[in-house]
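See structure below.
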Amino acid sequence: MYSASSRDLAARARVTDSHTVVDLCGGTGTTAEAILALAPPDADVVSLDSAPAMQRIGRRTLSDPRLSWVTARAEELAEHAPAGGVDAVVCNSAIWKTDVPAVFTAVRRVLRPGGRFVFNVGGGFAGVTHPDARARPARPTLGTLIEQIAARENGTRPTPKRDTPQLPLAAVTSHLTTAGLTLVETDVTAQYTTVAERRAWLSISVFARPEHGFSYEQKMSMLSEAVAQTEPDDVTVTSRLVVVAELPETS
């Protein structure tokens, strides 16, 4: 699932014509790997993430000499970017976990004129749903099941859904404009994932649910209970808002 979205973002960032690319919130380097597959032989790719444990895994599995690792928060990008700026910044499935205005400003500071900033936002956070997701039979998602289990454990009702999405396109556009970046295109994509794949995703601590109030061990126990109520090969549709922005040539 993550590899597919990484390849999609790398292609939209036009990294085949880039000499310096940043994989923002890069984790273990899956998106960096997708970038390296398209980037020129003399390109430099920087994977920046605040989790050294994830980067240690990436260092063991990726040995491309074009790749370097920086341990820092996304908001600190401008302090660690290569001198002279970068041609593209790619961020896969993480932007809503950051201080979005601060990150957009940092990206603006490091991009060269004409450089691209490509990222995606989870459908629930962006308030978008791909048509394929609407067409499938309604079944409780793992996230919904976990919320129900958590509510039972606490003796409370499940957390109601947000009345408004956390990071809709209107907010994204506003933040980009304030930072001095131009929106180029958007797209709503669909990924088809099995329950087993979703379980793996929700096992990553930063994505584990519920977001607050429980230890990681408790979250994993609830995840296991939720999975037991499904079939491993059940397929769900994950919607994402994909955003392509750039720094105007005249900036």
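The values are calculated or read from the model by the stated rules, or taken from the named source; none is laboratory data. Owing to the predicted nature of the structure, the values given are computational and were not obtained by experimental measurement. Positions of Cβ are backbone-derived with ideal geometry, glycine not excepted, and every protein chain shown enters the neighbour counts. Surface areas here come from the heavy atoms of the whole protein model, side chains and all, with no ligands, DNA or RNA. Shrake-Rupley method; radii C 1.70, N 1.55, O 1.52, S 1.80 Å.
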Scope segment 194-227; condition surrounded by fewer than 17 Cβ atoms within 10 Å (Cβ to Cβ), under 26 Å from ASP132 (Cβ atoms) and not aromatic (Phe, Trp, Tyr); matching residues: THR194, ALA196, ALA200, SER203, ILE204
Some residue of segment 104-117 being outside any strand (DSSP E or B), β-branched (Val, Ile, Thr) and buried (at least 21 other Cβ atoms within 10 Å of the Cβ): yes
Segment 27-42, residues that are surrounded by fewer than 21 Cβ atoms within 10 Å (Cβ to Cβ) and either in a loop (DSSP other than H, G, I, E, B) or modelled with pLDDT under 95 (or both): PRO40, PRO41, ASP42
Selected residue (criterion: most open to solvent (accessible area, probe 1.4 Å)) from residues of segment 1-24 that are among the hydrophobic types (A, V, I, L, M, F, W, C) and modelled with pLDDT of 95 or more: ALA11
Residue that is surrounded by the most Cβ atoms within 10 Å (Cβ to Cβ) [pool: residues in segment 59-102 that are touching a strand residue (DSSP E or B) at 6+ places or on another chain (Cβ under 8 Å) and β-branched (Val, Ile, Thr)]: VAL89
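Per-residue answers, yes or no, for (1) in contact with a Leu (Cβ under 9 Å, 6 or more places away or on another chain); (2) more than 20 Å from VAL15 (Cβ to Cβ):
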site	(1), (2)
PRO65	no, no
ASP87	yes, no
LYS97	no, yes
VAL110	yes, no
GLY115	yes, no
GLY124	no, yes
VAL128	yes, yes
Odd one out for THR186 among (1) over 20 Å from VAL103 (Cβ atoms); (2) touching a residue at least 12 places away in the same chain (Cβ under 8 Å); (3) of a type outside the set (A, V, I, L, M): (1)
Residue that is nearest to the chain's Cα centre (by Cα), among those in segment 142-162 that are modelled with pLDDT of 65 or more and not aliphatic (A, V, I, L, M): GLY143
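It is to be established whether one or more residues within segment 161-181 are touching a strand residue (DSSP E or B) at 6+ places or on another chain (Cβ under 7 Å), among the β-branched types (Val, Ile, Thr) and open to solvent by less than 70 Å² (accessible area, probe 1.4 Å).
Going residue by residue through segment 161-181, those that are touching a strand residue (DSSP E or B) at 6+ places or on another chain (Cβ under 7 Å) are 167, 169, 172-173, 176, 181.
Pick out the ones that are also among the β-branched types (Val, Ile, Thr) and you get 172-173.
From the residues that got through so far, the ones that are open to solvent by less than 70 Å² (accessible area, probe 1.4 Å) too are 172-173.
Within segment 161-181 (the criterion being touching a strand residue (DSSP E or B) at 6+ places or on another chain (Cβ under 7 Å), among the β-branched types (Val, Ile, Thr) and open to solvent by less than 70 Å² (accessible area, probe 1.4 Å)), the answer is yes, since at least one residue qualifies.
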